[in-house]
Amino acid sequence: MAAALVSGPEVTGEGQEPLLSPGEAEEEEEKSRDVVETQEHYKSRWRSIWIMYLTMFLSSVGFSIVIMSVWPYLQKVDPTADASFLGWIIASYSIGQMVASPLFGLWSNYRPRREPLVVSTAISVAANCLYAYVHVPHSHNKYYMLTARALVGFGAGNVAVVRSYIAGATSLAERTSAMANTSACQAVGFILGPVFQTCFTLIGEEGVTWKLINLQLNMYTAPVLFGALLGVINIVLIFAIFREHRVDDMGRQCKSINSEGEESGVVDQDTEGNIDQVAVVAINFLFFVILFVFAVFETIATPLTMDMYSWTRKEAVFYNGIILSVVGIESVIVFLVVKTLSKKTGERAILHGGLLIVLVGFFILLPWGRKLPNIQWQVCITCFCRNKE
């Protein structure tokens, strides 16, 4: 095309008039800058998005891979810990993530996103290794476990960077599907975390001990060490494959403030538009409610089943892992359906329908009837006999 564009009313070598007038040539040249993107850029952009999918997956795995075994592991390493302290350990992950998310988000606004992604993942790797060694100190082991889970949550604060990158690296037509894929990867992480934990129960509570480095490889420590290995792989992939990309709502390549010259030669244009602050706050609140529901279940499931059904520590980890895996599979199916259904009904209707289903689920889970579990009946009978005596 460049050969066909001339700056004056000159004729070509064959005596023909140029195909475009000077004004048309400038207009065509301007349009050529707004071409969606090259095939090379498209492939690089989507490779980077897939790395973000992996990062989101590993973030959720870091949360769920030990969630079913925290309580029995806590009882083993520190018998002084009670169920109330378990609540603090579970909450420490979310607190760490809550503190880290705005910090990593602010960091990614001014620097290449690779930096907060690598640092956050490295923190998670180190925290998982710390979790594997909480049995070593002679006292206050529960506080070391609390610190380890808080640091894992702090490292998981990179989900803010992941979501912002995917939102900026996709066109309007791609965004809903990409965000659904992001949530699906998060759900798959919630699925496979308990699955990994369930598989590692085959090692047993004692497992094997590597005396040289004072490492106990058992059903409690093997999952976090596996998570640390996945984190190392993620860091390598971020360095090797991840690149900064940004496109506008039409899919046209834009210059990113995080690129450090990687996107030289592309158009720098303001594509942000006005932000509906009320809608953003409302969506964040609804996201909080949904995660609150999920966290409540994961927090009380293991101690509840151990108390109500007299499950051993190994049985509680094994069976609750299976239950949570089934819930995760259901979530992935829902995300896949949402990708198709949202194009027909819109996001608002799907949001209303999902919250209604959650409400119905809570209604069903209410303690209907007067029949108590056998273990609770046994406690009642024992107390009655003692009082009668």
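The values are calculated or read from the model by the stated rules, or taken from the named source; none is laboratory data. Note that this is a predicted model, so its numbers are computed, not measured. Please note: Cβ atoms are built from the backbone with ideal geometry, for glycine as well, and neighbour counts cover all protein chains shown. Remember, those area values only see protein heavy atoms, side chains included, never the ligands or the DNA or RNA. Shrake-Rupley method; radii C 1.70, N 1.55, O 1.52, S 1.80 Å.
Keeping the other protein chains in place, figure out the carbon and sulfur percent of the accessible area of the stretch 33-120, with a 1.4 Å probe. Could you put the intermediate results ahead of the total?
Details: 2510 of 3850 Å².
Within the stretch 33-120, the accessible surface is 65 percent carbon and sulfur.
Nearest 0.05, what FRET efficiency do Ser177 and Val327 give at R0 = 22 Å with Cβ-Cβ as r? Write down the numbers at each step before the final one.
Numbers: r = 23 Å, r/R0 = 1.06.
It comes to 0.40.
Quick one: length gained pulling Leu229 to Asp82 fully straight, 0.36 nm per residue minus the C-alpha distance? Can you show the working numbers first?
On the way: separation 147, 0.36 × 147 = 52.92 nm, distance 3.09 nm.
Extra length available between Leu229 and Asp82 comes to 49.8 nm.
For Cys199 and His138, compute 0.36 nm times the residue count separating them, minus their Cα-Cα distance, and round to one decimal in nm.
Additional length available on full extension: 19.0 nm.
Leaving ligands and nucleic acids out of the surface, order Cys129, Cys199, Cys254, Cys185 by accessible area at 1.4 Å, largest first.
Highest to lowest solvent-accessible surface, that is Cys199, Cys129, Cys185, Cys254.
Report the label-to-label distance for Arg47 and Val289 in nanometres (one decimal), using points 7 Å from each Cα along the Cα→Cβ vector.
Reported label-point gap for Arg47 and Val289 is 4.2 nm.
Are there trypsin sites (Lys or Arg not before Pro) in the stretch 37-139 that DSSP puts in a loop and that have at most 15 other Cβ atoms within 10 Å, and which ones?
Loop-located and lightly packed - none at all.
Extension gain Ala240-Leu359, at 0.36 nm per residue separation less the Cα-Cα distance, in nm? Show your work: numbers first, answer last.
Details: separation 119, 0.36 × 119 = 42.84 nm, distance 4.47 nm.
Extending this stretch completely gives an extra 38.4 nm.
Can you work out the FRET efficiency for the pair Leu341 and Ile275, with r the C-beta to C-beta distance and R0 = 35 Å, to the nearest 0.05?
Using R0 = 35 Å, I get an efficiency of 0.85.
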